[in-house]
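Please treat every number below as a calculation from the coordinates, not as lab data. Please read these numbers as outputs of a predicted model, since none were measured by experiment. Quick reminder, even Gly has a Cβ in these numbers, built from the backbone with ideal geometry, and neighbours come from all protein chains shown.
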Amino acid sequence: MSDPGSGELLRAALDASLRTLRSSLAALGGDADADAIHNARVEVRKMRSLVATYAPLVEAAWAQEWSERLADLGAALGSARDATVLIETLRPASARIPEAERASWSSLIADLRARERSGQAGLLSYLSSEETRSLLARLDGALASLHVRGPVPASRVVPGLLRERWKKIRRRARRARREPADRDLHRLRIAAKHLRYAAEAFEPVCGRRVRQVARAAERLQSVLGDYHDIADARAALRRMPAAPTIADADADLERRGRACLAKWPKRWKALADLR
C-alpha cells in the first residue's frame, strides 16, 4: 500500500469524482438520462461528503466554497431524480390496480410524471446556463488551491478521520435501535453514506480492511435507502382518495418497509463487527 500525503489523498479522490461527474453530465446531452442523473448525483454527494470528512484539516472558507458550488447542482439533480425514484417504487403496485380505480391511480402517476418532466427540464436548463458551464472550471480551480493542514503522510491522518465517522454512525445506530423513527433511520443512512465514501477514499492507504467497511456500509445504506423510498411512496398514496386497492397497495408497501426494518440491524451488526 502507498502512503501519500493527506492532501494528495483528498485531491485524488475529488479529482476522480470530478472526472466521473463530467462524464455523467456529458452523457445527459440534451436528454435527461436517468442513469446519468443518478451517477452525477452520487458524485456530487460523494465530493461534499469527503470535504466534510476532511473539515478539521482544510480551511473553512475553502470547504464552504466547495460545498456551495456543488449545492445548487445537487439540488437540480435531486429535483430531476426524486419523482423517478418514487415512480419506480410504486411500480410493483400498479399491476394490482383494478379498472374501477385506475383513474385515481393514473392521476397519481401522471402527477409524478409531470414532476419528473419538470425536474428534468429544470436540470437541462440549469446545465445549459452560462454560470453552470463554468462550474466545473471553477471546481478545478478550487481543487488546485486545496491546502490541507500539515503535509503529513495520510496514514497518520486517516485513522482519526475514520474514527470520527465511526463515532457518528454509532450514535445514529444507538438512537435508531431505541426508537426507529423515520427521521432517525434517515440520519443513520446518511451516516452510513459518509462512512462508506470515506472508506472508499482511504482504501489506497488502509487496504482490504477498509474496503470491507465500505462494502458493509453500502449494504446498510442500500436497505435504509429502500425504506426511505417506500416511506415516500406511502406518503404519496395517502394523498390519494381512499379506496380498497389504494389500501392494498399501501399494505404491500408497508410489508416491504417492514422487511427493510428487519434487515437493517443485521447489516449494522455486520458493519460494526469490522470496527
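Return the aspartates and glutamates within reach of K168: Cα separation strictly under 19 angstrom, same-chain partners fewer than 8 residues apart disregarded; answer none if there are no such residues.
In chain and number order, the partners are E179, D182, D184, E200, E218, D273.
Can you pull the percent of Cα pairs in the chain with separation above 23 Å?
Considering the chain, 60 percent of its Cα-Cα pairs are separated by more than 23 Å.
Could you list which residues have their amide H under 5 Å from that of E59, counting only those 5 or more apart in sequence or on another chain, with H placed in the peptide plane?
Answer set, sorted by chain and number: H147.
By counting other Cβ atoms within 10 Å of each Cβ, how are V152, V157 ranked from fewest to most?
Taking fewest neighbouring Cβ atoms as first place, the list is V152, V157.
Given H placed on each backbone N at 1.01 Å, which residues far from G5 in sequence or on other chains put an amide H within less than 5 Å of it?
A154
When you count, for each residue, the other Cβ atoms within 10 Å and take the mean per peptide, how do 49-59, 134-144, 16-26, 73-83 rank with the highest first?
Highest to lowest by the protection proxy: 73-83, 49-59, 16-26, 134-144.
Restricting everything to alpha-carbon atoms, can you work out Rg to Rh for segment 1-101 with a Kirkwood hydrodynamic radius?
Taking Rg over the Kirkwood Rh, I get 1.16.
Among 219-227, 102-110, how do they line up by average Cβ neighbours within 10 Å per residue, starting with the highest?
219-227, 102-110
Which order do peptides 202-209, 234-241, 38-45 fall in by mean Cβ count within 10 Å, highest first?
38-45, 202-209, 234-241
Let me check I have the definition right: for segment 174-275, take the eigenvalues of the Cα gyration tensor, multiply each by 5, take square roots. What are those semi-axes in whole Å, largest first?
33, 12, 11
Dividing the Cα radius of gyration by the Kirkwood radius, what Rg/Rh value follows for segment 137-231?
Rounded to two decimals, Rg over Rh is 1.07.
Please list, in order along segment 48-54, the HN-Hα scalar couplings obtained from phi with the Karplus expression 6.51 cos²θ - 1.76 cosθ + 1.60 (θ = phi - 60°), rounded to whole Hz, x for Gly and Pro.
5, 5, 5, 5, 5, 4, 7
Report the net charge of residues surrounding L135, where surrounding means a beta-carbon distance below 9 angstrom and charges are Lys +1, Arg +1, Asp -1, Glu -1.
Net of charged neighbours comes to +1.
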